[in-house]
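Have a look at the structure below, then the notes.
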Amino acid sequence: SGNPVYDFFIGHELNPRIGSFDLKYFCELRPGLMGWLLINLAMLVKESELRGSPSLAMILVNAFQLLYVVDALLHEEAVLTTMDIVNDGFGFMLAFGDLAWVPFTYSLQAHFLVGHPQELAPATAAGIILLNALGYFIFRSANSQKNTFRRNSNDPKVAALETIPTATGRQLLVSGWWGLVRHPNYLGDLIMALAWSLPCGSAHVLPYFYVIYFTVLLIHREARDEHQCRRKYGSAWNEYCKRVPYRIFPYVY
Ligand code: NDP
């Protein structure tokens, strides 16, 4: 870009490779996500050592985050259409984010539970499990709907959905999940983020760091994506915004 600070942060190379080994693609999914799970598991073992067995809160945090990481690895190819891969270079933001930030800050809830044991009533635990299931359902259905549509818009699973044509020849979904808000996948992700913090109780703000940080990140990310889409799709994007006025939270934002 000509701005050295920006270039260092966002990165100069879009897809640096050593032979056919794509550094950014590898770092996006493997070391950080697996490191996150390993740290979580280490916290569960530490808690068991200290108190004889893992608490229900620790089991929930581990199980929810395991589901999230396994889902990301099972749908590995979906990362190819994300902003990180398509738009952002492999600069400090993604290198540090993938390798240090994700494993060490996303595991804060499990870390917190080792030093701050929580008693969870069965009804509270059931409510939190339902919340996580709702978030996961929205997140997975919305992402799969868009991926299926982008791969083959005649696929029977998405062929009946209403669309807006754009000058590029691509279409925008305007019904189904993408007709509810303009980023239904972010909505599901944020509901899950809240469910990961709730097992830690309400006495301390630290376990809520993730959901607060993630809300800021996704609002900022949504604005960046909006900017790109307006540039790509022009008046068709404006039409989509008119038809689907809310960005992430229905009737709120
Ligand atoms: P998205 O997967 O939401 O992709 C945005 C792109 O989707 C747009 O650029 C556009 O690209 C396409 N699109 C937008 N609206 C429509 C529409 N109505 N119909 C069809 N296509 C549309 O973006 P992200 O890469 O930000 O997120 C991917 C997932 O990763 C999300 O679930 C997010 O929550 C998650 N995530 C998790 C993070 C974490 O730290 N846990 C961090 C960041 C993201 P085009 O038209 O070119 O196809």
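Descriptive notes on the structure:
- Test: residue in segment 206-218 that is within 13 Å of the ligand (Cβ to nearest atom), β-branched (V, I, T), in a helix (DSSP H, G or I) and within 14 Å of P184 (Cα to Cα): yes
- Residue check for R51: at pLDDT below 95, under 17 Å from V114 (Cα atoms) and basic (K, R): yes
- Within segment 242-253, residues that are free of Cβ contacts under 8 Å to residues at least 60 places away in the same chain sit with their Cβ atoms under 6 Å from residues that are surrounded by 11 or more Cβ atoms within 10 Å (Cβ to Cβ), at 6+ positions apart or across chains, in these pairs: Y253/R247.
- Pairs linking a residue in segment 168-193 that is free of Cβ contacts under 8 Å to residues at least 60 places away in the same chain to a residue that is assigned to a loop (DSSP other than H, G, I, E, B) and open to solvent by 20 Å² or more (accessible area, probe 1.4 Å), with Cβ atoms under 8 Å and 6 or more positions apart or on different chains, are Q171/S153; L173/L161; L173/E162; S175/L161; S175/E162; G176/L161.
- Hits in segment 72-99 - residues which are more than 10 Å from the ligand (Cβ to nearest atom) and either among the hydroxyl-bearing types (S, T, Y) or closer than 24 Å to L194 by Cβ (or both): L73, L74
- Among the residues of segment 235-253, those identified as part of a loop (DSSP other than H, G, I, E, B) and among the aromatic types (F, W, Y) are Y246, F249, Y251, Y253.
- The residue that is surrounded by the most Cβ atoms within 10 Å (Cβ to Cβ), among those in segment 48-66 that are under 14 Å from S107 (Cα atoms) and in contact (Cβ under 8 Å) with a residue 24 or more places away in the chain, is V61.
- Filter result for M58 (touching a Gly at 6+ places or on another chain (Cβ under 8 Å), assigned to a helix (DSSP H, G or I) and not polar (S, T, N, Q)): no
- Being open to solvent by less than 60 Å² (accessible area, probe 1.4 Å), at pLDDT below 95 and of a type in the set (G, A, S) holds for only one residue in S235, S175, and it is S175.
- Every residue from segment 73-94 that is part of a helix (DSSP H, G or I), touching a helix residue (DSSP H, G or I) at 6+ places or on another chain (Cβ under 9 Å) and open to solvent by 30 Å² or more (accessible area, probe 1.4 Å): L73, E76, E77, L80, T81, V86, F92, M93
- A single entry from A195, A110, A160 fulfils the requirement of being more than 13 Å from the ligand (Cβ to nearest atom), open to solvent by 30 Å² or more (accessible area, probe 1.4 Å) and either over 30 Å from S1 (Cβ atoms) or touching a Lys or Arg at 6+ places or on another chain (Cβ under 9 Å) (or both): A160.
- Count of residues meeting criterion [in a helix (DSSP H, G or I) and open to solvent by 30 Å² or more (accessible area, probe 1.4 Å)] in segment 25-47: 13
- Members of segment 167-192 that are more than 8 Å from the ligand (Cβ to nearest atom) and either over 22 Å from the mean Cα position of the chain (by Cα) or part of a loop (DSSP other than H, G, I, E, B) (or both): A167, T168, G169, S175, L180, V181
- Selection of segment 118-158 for residues being modelled with pLDDT under 95, touching a helix residue (DSSP H, G or I) at 6+ places or on another chain (Cβ under 7 Å) and more than 30 Å from R182 (Cα to Cα) yields Q118, L120.
The values are calculated or read from the model by the stated rules, or taken from the named source; none is laboratory data. Because the structure is a prediction, the values reported are computed rather than measured. Positions of Cβ are backbone-derived with ideal geometry, glycine not excepted, and every protein chain shown enters the neighbour counts. Surface areas here come from the heavy atoms of the whole protein model, side chains and all, with no ligands, DNA or RNA. Shrake-Rupley method; radii C 1.70, N 1.55, O 1.52, S 1.80 Å.
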